[in-house]
Amino acid sequence: MSIDLATIHTVVEGDGERTFLLLNGAGQSLRTRDYVVPSLLDAGRVIRFDPPGVGESSTPNKPYSFEELSQAALQLAEPHRTDKLIVVGHAWGARAAQVIARDYPPDGVVIGSGGGKFPPLASAADVQTATEGPDGEETEHAWNQRFERAHCAPGFSDRDRERANWLFQLARTTPSERAVVVGAIERTPIDSYWGRFDCPALLLYGADDKVGHPENAEDLHSALPNSKLVYIKDGGHFVIVEQAERFATEILDWINELAL
């Protein structure tokens, strides 16, 4: 495995009968879950980390696969996990979550905004804002507009200016080695893990997601007989920030329904 666990920035919070292992979107720091975590702490321990090459984690000397990332995530969690394990992946991290569910089935897996099976509806240039900040010619405002177009529901910055600005700044300033992030996608064919697991699954998608979007959601749902699909109103690809409280509530309701 090309990932050195000692170089991964990890945060462990809370306690309880279950552990939530969180996997971030492409190029995103563990702080993208700041609005989700408080509610999850009411139900268990939360483990989150910056993927190698992102945020405060070091960049490995070569790209890694989602299999390697999954193994590293489980090894990071092992000393801290309690009885039950719920893996919660968002976007790029939802790919790694599916690999974990395929190879090391947890008690349950949450797929948030999972895409990749079908091309994004947003432009490639706008989608790339998740892993690339403004270049020397682009203003922060212009970059924010591109990010919001691709990754948020229409009107997000009008509905919640403070939260929108927080997200834009976090995404814009988080260090990210794009070659490493993209390398994980290239090294792990999507058909090798897409819908190829049997453990209970909750699929959470923003109703206005232009990257994960409903074509991905419906296809994944149809491939997983033991899954529940929920669309969250006024949420885009970053529903974990836009509608964080609803995102967490859906997880808690689901684990209660299934006694996970």
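The values are calculated or read from the model by the stated rules, or taken from the named source; none is laboratory data. Just so it is clear, the structure is predicted and the values come from calculations on it, not from any experiment. We place every Cβ from the backbone using ideal geometry, glycine too, and count neighbours over all the protein chains shown. The accessibility values were calculated without ligands, DNA or RNA, using every heavy atom of the protein model including side chains. Shrake-Rupley method; radii C 1.70, N 1.55, O 1.52, S 1.80 Å.
See the values below:
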item: Boolean, residue 229 is in contact with a helix residue (DSSP H, G or I) (Cβ under 6 Å, 6 or more places away or on another chain), at pLDDT 95 or above, open to solvent by 30 Å² or more (accessible area, probe 1.4 Å) and not in a loop (DSSP other than H, G, I, E, B); result: yes
item: Subset of the stretch 115-139 [of a type in the set (S, T, N, Q), within 17 Å of the chain's Cα centre (by Cα) and either within 22 Å of residue 97 (Cα to Cα) or part of a loop (DSSP other than H, G, I, E, B) (or both)]; result: 128, 131
item: The stretch 231-246 residues that are within 16 Å of residue 31 (Cα to Cα), paired with ones that are charged (D, E, K, R) and outside any loop (DSSP other than H, G, I, E, B) (beta carbon under 9 Å, 6 or more apart); result: 239/246; 240/33; 241/33; 241/163; 242/159; 242/163; 244/33; 244/163
item: Candidate set from the stretch 99-139 (those that are of a type in the set (D, E, K, R) and modelled with pLDDT of 95 or more); member that is surrounded by the fewest Cβ atoms within 10 Å (Cβ to Cβ); result: 103
item: Subset tally (residues that are crowded, with 19+ Cβ neighbours inside 10 Å and either at pLDDT 95 or above or within 18 Å of residue 246 (Cα to Cα) (or both)) for the stretch 1-17; result: 1
item: Residue identified as part of a helix (DSSP H, G or I), over 17 Å from the mean Cα position of the chain (by Cα) and either modelled with pLDDT of 95 or more or buried (at least 19 other Cβ atoms within 10 Å of the Cβ) (or both) among 234, 253; result: 253
item: The stretch 39-55 residues that are on the phi > 0 side of the Ramachandran plot, paired with ones that are among the basic types (Lys, Arg) and open to solvent by 10 Å² or more (accessible area, probe 1.4 Å) (beta carbon under 6 Å, 6 or more apart); result: 44/18
item: Residues that are closer than 16 Å to residue 91 by Cα, part of a helix (DSSP H, G or I) and open to solvent by less than 60 Å² (accessible area, probe 1.4 Å), drawn from the stretch 182-220; result: 182, 183, 184, 190, 213, 214, 216, 217, 219, 220
item: Test: residue in the stretch 70-78 that is at pLDDT below 95, closer than 24 Å to residue 195 by Cβ and not in a loop (DSSP other than H, G, I, E, B); result: no
item: Condition broken by residue 96, with the remaining ones in (1) part of a helix (DSSP H, G or I); (2) surrounded by fewer than 17 Cβ atoms within 10 Å (Cβ to Cβ) satisfied; result: (2)
item: Residue list for the stretch 140-181, filter: open to solvent by less than 10 Å² (accessible area, probe 1.4 Å) and either closer than 21 Å to residue 213 by Cβ or assigned to a loop (DSSP other than H, G, I, E, B) (or both); result: 147, 150, 151, 152, 153, 156, 164, 167, 171, 181
